[in-house]
Amino acid sequence: MVAVSGHRSLAEQVEIYNGSMRDNGRSFTEKYVALPNHSEHHTGLAIDLGLKQEVIDFIRPEFPYDGICNKFRKTAPYYGFVERYQSDKEDITGIAHEPWHFRYVGHPHSEVMDKEHLSFEEYIEYIRNFTYNKEHLHMSGNAGKEIEIFFVPCHTERVEITIPEHSIYQVSGNNVDGFIVTIFR
């Protein structure tokens with residue numbers, strides 16, 4: 001396996017998009033190349049991987065569902081990565097199947113997404129079922145640690161929640177209307 005593309009600047013994405021429009025046409029480009037300012041590669045959280053070979057297609061690298069590529073795909077969720085654009089999720093993500101494109105969403109979120117077969121968009125909706133004042137999502141982590149995940153809606157300037165003392169926690173905004181809180185005990 002090789003890394004084909006990681007972080008991209010806006011200028012790089014403009015060049016890739018315009019080059020694909022010129023070389024491949026509108027239909028292909030709209031399926032496989034994000035508009036400038038809309039690429040996950042701008043965030044630094046996405047990476048395209050390819051099977052190591054003499055010639056690698058930069059836009060659609062080969063990353064099969066067997067061998068070392070599939071071994072990576074199956075272990076990636078344990079390290080915070082998910083295959084971002086799955087074959088049966090095009091209507092949800094708006095992007096064609098990209099078996100080479102992985103996104104870092106963090107652990108344990110990646111493991112939940114993998115186990116429940118959820119796209120990133122579906123996970124953001126799924127986690128809304130586990131709100132701060134109701135049932136939380138619980139799972140077991142490494143070394144017998146308990147992991148608790150819940151959603152905190154935010155419709156005002158200030159929101160307060162209580163986190164158990166001596167807990168390690170993460171708070172991530174969903175960029176829409178709230179926060180996802182993960183507590184490790």
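With a 1.4 Å probe and every protein chain kept in, tell me what percent of the accessible surface of the range 95-138 is carbon plus sulfur.
Numbers: 1050 of 2130 Å².
The computed percentage sits at 49.
If R0 is 25 Å, what FRET efficiency do you get for ILE163 and GLU121 from their C-beta distance, rounded to 0.05?
Efficiency, from the Cβ-Cβ distance: 0.35.
For the range 97-170, what is the per residue volume of the convex hull drawn over the alpha-carbon atoms, in cubic angstrom? Don't jump to the answer; show the numbers that get you there.
Values: hull volume 10.1 nm³, N = 74.
It comes to 136 Å³ per residue, whole-number rounded.
Can you work out the accessible area per residue across the range 62-185, with the rest of the protein chains kept in place, probe 1.4 Å, in square angstrom?
Numbers: 7350 Å² over 124 residues.
It amounts to 59 Å² per residue over the range 62-185.
Round to the nearest 10 and give me the degree value, 0 to 90, for the angle of helix 10-24's Cα axis relative to the longest principal axis of the chain.
50 degrees
Checking the table LYS52/LYS115; LYS31/LYS89; LYS89/LYS115; LYS74/LYS145; LYS89/LYS134; LYS71/LYS115 against a 25 Å threshold on Cα-Cα, which pairs fail?
Working: LYS52/LYS115 28 Å; LYS31/LYS89 13 Å; LYS89/LYS115 15 Å; LYS74/LYS145 22 Å; LYS89/LYS134 29 Å; LYS71/LYS115 16 Å.
In this structure, LYS52/LYS115; LYS89/LYS134 lie more than 25 Å apart at Cα.
Computing the accessible area with a 1.4 Å probe over protein heavy atoms, can you report the carbon and sulfur percentage for the range 1-67? Let's see the in-between values first.
Values: 2110 of 4100 Å².
Heavy-atom surface of the range 1-67 belonging to carbon and sulfur, 1.4 Å probe: 51 percent.
Can you compute the charge dipole magnitude of the range 92-185 about its Cα centre, using +1 on each Lys and Arg Cβ and -1 on each Asp and Glu Cβ, nothing else charged? Give it in debye, rounded to the nearest 20.
Values: 7 positive and 14 negative charges, 35 e Å.
I would put it at about 160 debye.
What residues from the range 149-168 fall in the zone where the backbone N is under 16 Å from a label point 7 Å along the Cα-to-C-beta line of HIS136?
Answer for this model: 149-153, 160-168.
How far is it, in nm, from the label point at ASN37 to the one at HIS7 when both lie 7 Å from their Cα along the line to the Cβ?
Taking the simple label geometry, ASN37 and HIS7 are separated by 2.1 nm.
Among HIS97, GLN86, THR75, which residue has its Cα furthest toward the positive end of the charge dipole of the range 74-114, with +1 on Lys/Arg Cβ and -1 on Asp/Glu Cβ?
Projecting each Cα onto the dipole axis, the largest value belongs to THR75.
What is the spin-label model distance, in nm, from HIS155 to ASN175 if the labels are put 7 Å beyond Cα along the C-beta direction?
2.3 nm
Suppose every Lys and Arg Cβ carries +1 and every Asp and Glu Cβ carries -1, with no other charges. What dipole size does the chain come out with about its Cα centre, to the nearest 20 debye?
Numbers: 18 positive and 28 negative charges, 58 e Å.
That gives the chain a dipole magnitude of about 280 debye.
Can you give the longest stretch of the chain with no exposed loop site, where a site means chymotrypsin sites (Phe, Trp or Tyr not before Pro) in a DSSP loop (not H, G, I, E or B) with at most 14 other C-beta atoms within 10 Å?
66-185
The values are calculated or read from the model by the stated rules, or taken from the named source; none is laboratory data. What you see is a predicted model, and the numbers here were worked out from it, not measured in a lab. A quick note on method: Cβ atoms are made from the backbone with ideal geometry, for glycine too, and the neighbour counts reach across all protein chains shown. Accessible surface areas use protein heavy atoms only, side chains included; no ligands, DNA or RNA. Shrake-Rupley method; radii C 1.70, N 1.55, O 1.52, S 1.80 Å.
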